[in-house]
Amino acid sequence: EVGNSSNAPGTESSTTDVIKGISSVSRIITSTTMMKLVSLLGLASAATAAASSSAANPISSTMLKEASHRILEDGEEGGEEDEGGDDNNNNANLAGYSLQYSTCLRTKIASDDDAVEGNSYYVNGAYRAQYNLYATFRLCTDEGNGKCTCDASVEYATEMDNFLESSLTYLGGAGGGDETDYLECTYGGAENGVDYYLGPQCSDSGGLIIGTFYDEDCTVKAGYSAPSFSYNTFSSIESTCQDCSNGGCNDLYGDAHQCVNGKDIAGDDDEGVCSAAKRATAEVDYSRVKKRNYGAVLFAKVFIGMLVIGLIGGAMFLAYTYYLRHKGDRTEHLVESVPAGAALT
């Protein structure tokens, strides 16, 4: 009968094909969603494992900090000069500790007759500032294989030449033929009538290099390029965990500014060495930021995944709705195309 034309074979086949297509897409979406969920669960597990590993670390940075602060207190108590005029800070008990290079500092030398913008040294057509050079180090525990775990709450700042001399003594001396030939300010030549000198300098990242200077004391930095070196010796100084058990650290410790939160605990810091150390070693603690943002990132990933699924599902729904609405049109067209009096099968 014409009234039952909605069950025509072509229409039934089309409906079946649509249903199969929807089922196939649903399986794909479900598989993709599960993969995303497994990935998110993996990230959460990794974060939990990292936190557990950190908590299980047998070397506590808090314990090291407390120990180094006890050394500071001992130094304060014994900081007065004895009858021989020696500073008892140099006799601090550092047995069981090591020291590790931290960074390089430049502090401006104050002058009462500053001419232009605080700069008093006139050379090469301009007034320039003069700077002193310092190295900072930290007290550490040696985990073996030369690896240090250090207390970053205290920066010990000492004059660069003292630090280099002590470090080279620990390493067994300078080999020569490298950057150690310029540990003292050395004449490097002249260009366009301007003399240049070579000596230790801070790199942009706080490392040790040889730089160029305008003056024979290597206090006025110049932009002229210094000879290139392999910097094997300086690299060893920066990376070596120096054992203090034999008393080799005592002189450095006793002569150093002991900086806590940018302040010298003895209050003797006219050059602002400790404030420079704080600026040079300032680090952004991204761990807390990551922890705060982890939940937001997870939510965003889940939300985007659900949004994509919703868009795909919505598109499929609209397509299926469109099909249902126009199914009757195709049936009517089929009926119209059948000759009058012919039977539909």
In the stretch 151-163, what residues are touching a residue at least 60 places away in the same chain (Cβ under 8 Å) and open to solvent by 40 Å² or more (accessible area, probe 1.4 Å)?
152, 159, 162
Criterion first (closer than 18 Å to residue 161 by Cα, open to solvent by 30 Å² or more (accessible area, probe 1.4 Å) and either aromatic (Phe, Trp, Tyr) or in contact (Cβ under 8 Å) with a residue 40 or more places away in the chain (or both)) does residue 224 satisfy it?
no
Any idea which residue in the stretch 228-244 is nearest to residue 169 (Cα to Cα), counting only those that are open to solvent by 70 Å² or more (accessible area, probe 1.4 Å) and in a loop (DSSP other than H, G, I, E, B)?
230
Here is a list: 111, 102, 98, 166. Which entry is modelled with pLDDT under 90 and open to solvent by less than 40 Å² (accessible area, probe 1.4 Å)?
111
All-but-one check, residue 268 against (1) touching a strand residue (DSSP E or B) at 6+ places or on another chain (Cβ under 9 Å); (2) touching a residue at least 60 places away in the same chain (Cβ under 8 Å); (3) farther than 28 Å from residue 173 by Cβ, failing number (2)
Which listed residue, of 284, 289, is open to solvent by less than 80 Å² (accessible area, probe 1.4 Å), modelled with pLDDT under 75 and within 30 Å of residue 104 (Cα to Cα):
289
Only one of (1) within 18 Å of residue 155 (Cβ to Cβ); (2) at pLDDT below 85; (3) surrounded by 10 or more Cβ atoms within 10 Å (Cβ to Cβ) fails for residue 338. Which number is that?
(1)
State all residues of the stretch 167-182 that are out of contact with any strand residue (DSSP E or B) (no Cβ under 8 Å at 6 or more places or on another chain) and either among the acidic types (Asp, Glu) or in a helix (DSSP H, G or I) (or both); if no residue qualifies, say none.
168, 169, 171, 178, 180, 181
Considering residues that are of a type in the set (Val, Ile, Thr) and over 13 Å from residue 97 (Cβ atoms), the number found within the stretch 121-148 is 2
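The values are calculated or read from the model by the stated rules, or taken from the named source; none is laboratory data. If you're wondering where the values come from, they're calculated on a predicted model, not measured in any experiment. FYI the Cβ positions are ideal-geometry reconstructions off the backbone, even for glycines, and counts take in every protein chain you see. We work out accessible area using only protein heavy atoms, side chains counted, and drop any ligands, DNA or RNA first. Shrake-Rupley method; radii C 1.70, N 1.55, O 1.52, S 1.80 Å.
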